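Data first, discussion second: the structure below is written as structure tokens.
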């Protein structure tokens, strides 16, 4: 155990009224990084036993060693094509990702980007402008979709982009069945058709370039799209050959939430990665209509996070760990609750720790 003396700490992981923090050796490095990110200043670090047994004897301060500078993402392409002048892509493939007995409709759609300058990196999104006009006779507005392929595309030639699209459907107040304009357009589109594409956009969900980073992924439904791109970059043999500068050596842990087993997306690929890279990849599923949580209710992704909260938090204490969340916003409160309890066991406050993680570019959320 170590005592950290801190000054001018008004944010980050330090509570407003505290001047000292007691931390374990295993969490010392992560705590120091979070203190720096909060803007506070570390005055002294002393072994806890020495501080208790010899309070009147000043101990030598431990010099804080700066963390290694994180590798830069490099130049990230943004808004190469705008709504007024979109790229015209060609549909190469469009097929269902669901097995028999699944709920709803989810398709994997690939577009040819040849002949243009539309390129992207993992974690970005593109805009799709559906054909036709709205009720007011104006062109439909674009919808953003997370990219499900790596920068090299599914064909590894750097000339395609793929999306994972669920057809939106709901009943309005009058009880009428309503289908999403753009999602229906995409799920129905035939190979060979031309589609107006904008972007790419987004820097919130970029995969860390560090090869030894730990990556925790929390996804529901089509929120799996960016996670699929990350995992392909990490573990797909063809991708590994395309990325001599990036050989993933860390831990990747995917939490996936779906209503039924037939709704699991890209399951064959993830099972293959699990078999081929058991030391680097872990896969935890929450199947709400088939599994029960400890209270006897439906098993949601936040229940799985609660189940593994202490282990997840231990990983979060490692400065190399990044957390990515994509999918339904409803999972956020439960995940925060689980992390609040886990943080409290280490004497930390999740309500101040989470913003510090975000500031450190380690907490990435894209929910709807």
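Worth a mention:
- Remark: the residue 351-residue 274 segment gains 24.4 nm on full extension, using 0.36 nm per residue and subtracting the alpha carbon distance.
- The ratio of the alpha-carbon radius of gyration of the range 276-368 to the globular-protein estimate 2.2 N^0.38 Å is 1.12.
- Computed over the range 214-367, Cα set: Rg, Dmax in Å: 15.5, 48
- Peptides 190-201, 174-185, 315-326, 97-108 ranked from most to least packed, by the mean per-residue count of other Cβ atoms within 10 Å: 315-326, 190-201, 97-108, 174-185.
- Between the range 262-304 and the range 172-198, the C-alpha centres lie 29 angstrom from each other.
- Area projected by the alpha carbon convex hull of the range 87-201, averaged over all directions, nm²: 8.4
Readers should treat all values here as calculations from the given coordinates under stated rules, not as data from a laboratory. Computed from a predicted structure; not experimentally measured. Backbone-built Cβ (ideal geometry, glycine too); neighbour counts: all protein chains shown.
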